[in-house]
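Asker: Before I ask anything, let me first share the structure, which is written out below as structure tokens.
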Amino acid sequence: GMHLETLRAFPSDASTYDRLLKLYEDKNQGEKLFTFCVTMQNHGGYDESTSGDFVSTVKLDYQNSYPLAETYLSEANITDQAFEKLVDYFENRDEKTMIVMFGDHLPAIETEFYEELYGKALSELDMYELQKRYMTPYIIWTNYPCERKVEEMSSNYLGSYILEQAGLKMSDFQKSLLRLKAIIPVIGQGAICDSEGKWYSLNETLPESCMTALDEYQLLQYNNIFDKTNLVSKIE
């Protein structure tokens, strides 16, 4: 086995990426490789108890001090450097490669820091501002030409979206997600956003097309996860 370096108490992203490269280098030429890698380096908590001898390099200039935010941002900066090396490695490889990175949630740092960014108390956020608390960035990088675009979507679509971008086969369920995405690109926290960019709370009356699409989604989801007898699972 390889030795994983740690940063604070967790495996560093740099050594995790090295492990990915090892998997790539050990495979046969032309053999396909898919790796789903969950990184731990920047996981909470961000206080002294987990930091060991880690020293923050990011210093925030606010009246209040936010040591947790500083730890998190310092680590994100270290990730950026490791990610750059990963991308550089694949930049000049002949084999077509796609790298996707996304965050699964915002960090549990000081509530006051988030309030500082919003300029108001979290209890005063309107529906759209509340959704922003659940937004994380993603990047899709390829070492071959592809269309550059920026799309907001909820994470339930990301898998199908990646398969589509990579031109890979999809199950009927995965295809149905892309049809739903065209109608409701974001299914958020107790709210949805339609294709026009308009937000609706799930407590209010939704447009007919959204209602129908969500009902169908519920059925398809149930079929995909629980319905062992009538499962539709062909892939083409």
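Asker: Confirm whether L163 is open to solvent by less than 70 Å² (accessible area, probe 1.4 Å) and part of a helix (DSSP H, G or I).
Answerer: Numbers: open to solvent by less than 70 Å² (accessible area, probe 1.4 Å): yes; part of a helix (DSSP H, G or I): yes.
Yes.
Asker: Return only the number of the condition from (1) in a helix (DSSP H, G or I); (2) under 30 Å from E116 (Cβ atoms); (3) modelled with pLDDT of 95 or more; (4) not hydrophobic (A, V, I, L, M, F, W, C) that K59 does not satisfy.
Answerer: (1)
Asker: Looking at this structure, is I235 open to solvent by 40 Å² or more (accessible area, probe 1.4 Å), within 30 Å of T97 (Cβ to Cβ), modelled with pLDDT under 95 and out of contact with any Cys (no Cβ under 7 Å at 6 or more places or on another chain)? If you could, list the steps in order and put the result at the bottom.
Answerer: On the way: open to solvent by 40 Å² or more (accessible area, probe 1.4 Å): yes; within 30 Å of T97 (Cβ to Cβ): yes; modelled with pLDDT under 95: yes; out of contact with any Cys (no Cβ under 7 Å at 6 or more places or on another chain): yes.
Criteria met by I235.
Asker: Then there is this: Can you pull out the residues in segment 177-186 that are more than 13 Å from T212 (Cβ to Cβ), buried (at least 20 other Cβ atoms within 10 Å of the Cβ) and not basic (K, R)?
Answerer: Selection gives L177, V186.
Asker: Looking only at segment 142-160, how many residues end up being within 21 Å of K132 (Cβ to Cβ), of a type outside the set (A, V, I, L, M, F, W, C) and part of a helix (DSSP H, G or I)?
Answerer: Looking only at that region, the number is 3.
Asker: Next question. Answer with yes or no whether T35 is outside any loop (DSSP other than H, G, I, E, B) and either open to solvent by 90 Å² or more (accessible area, probe 1.4 Å) or in contact (Cβ under 8 Å) with a residue 12 or more places away in the chain (or both). Spell out how you get there, then give the answer.
Answerer: On the way: outside any loop (DSSP other than H, G, I, E, B): no; either open to solvent by 90 Å² or more (accessible area, probe 1.4 Å) or in contact (Cβ under 8 Å) with a residue 12 or more places away in the chain (or both): yes.
Here the answer is no, as T35 does not meet what is asked.
Asker: Another one. For segment 76-108, which positions are in contact with a Ser or Thr (Cβ under 8 Å, 6 or more places away or on another chain) and either open to solvent by less than 70 Å² (accessible area, probe 1.4 Å) or farther than 15 Å from T39 by Cα (or both)? Talk me through it step by step, then tell me what you get.
Answerer: Of all residues in segment 76-108, those in contact with a Ser or Thr (Cβ under 8 Å, 6 or more places away or on another chain) come to 77-79, 82, 90, 96-99, 102-106.
Result: N77, I78, T79, A82, F90, K96, T97, M98, I99, G103, L106.
Asker: So for segment 215-225 (the condition being under 30 Å from Y89 (Cβ atoms), at pLDDT 95 or above and of a type outside the set (F, W, Y)), does at least one residue qualify? Can you show your working first?
Answerer: Going through segment 215-225, the residues under 30 Å from Y89 (Cβ atoms) turn out to be none.
No, that holds for no residue.
Asker: Within segment 43-70, count every residue that is farther than 20 Å from A9 by Cβ and open to solvent by 70 Å² or more (accessible area, probe 1.4 Å).
Answerer: Here is the first cut: in segment 43-70, the residues farther than 20 Å from A9 by Cβ are 59-66.
Those left that are additionally open to solvent by 70 Å² or more (accessible area, probe 1.4 Å): 59, 61-65.
Final tally of qualifying residues: 6.
Asker: Identify the residue in segment 1-22 that is among the hydrophobic types (A, V, I, L, M, F, W, C) and more than 16 Å from K85 (Cα to Cα) and, among all such residues, is surrounded by the most Cβ atoms within 10 Å (Cβ to Cβ). Show your work before the answer.
Answerer: Going residue by residue through segment 1-22, those that are among the hydrophobic types (A, V, I, L, M, F, W, C) are 2, 4, 7, 9-10, 14, 20-21.
Now drop any that are not more than 16 Å from K85 (Cα to Cα), which leaves 2, 4, 7, 9-10.
Working: M2: 8, L4: 14, L7: 20, A9: 14, F10: 16.
Here the answer is L7.
Asker: What's the number of the only condition in (1) touching a Leu at 6+ places or on another chain (Cβ under 9 Å); (2) open to solvent by 40 Å² or more (accessible area, probe 1.4 Å); (3) more than 26 Å from V150 (Cα to Cα) that L73 fails to meet?
Answerer: If we test L73 against (1) touching a Leu at 6+ places or on another chain (Cβ under 9 Å); (2) open to solvent by 40 Å² or more (accessible area, probe 1.4 Å); (3) more than 26 Å from V150 (Cα to Cα), just (3) comes out false.
The values are calculated or read from the model by the stated rules, or taken from the named source; none is laboratory data. Bear in mind that the values here come from a model prediction, so they are computed numbers and not experimental data. Please note: Cβ atoms are built from the backbone with ideal geometry, for glycine as well, and neighbour counts cover all protein chains shown. These area figures cover heavy atoms from the full protein model, side chains too; ligands, DNA and RNA do not enter into them. Shrake-Rupley method; radii C 1.70, N 1.55, O 1.52, S 1.80 Å.
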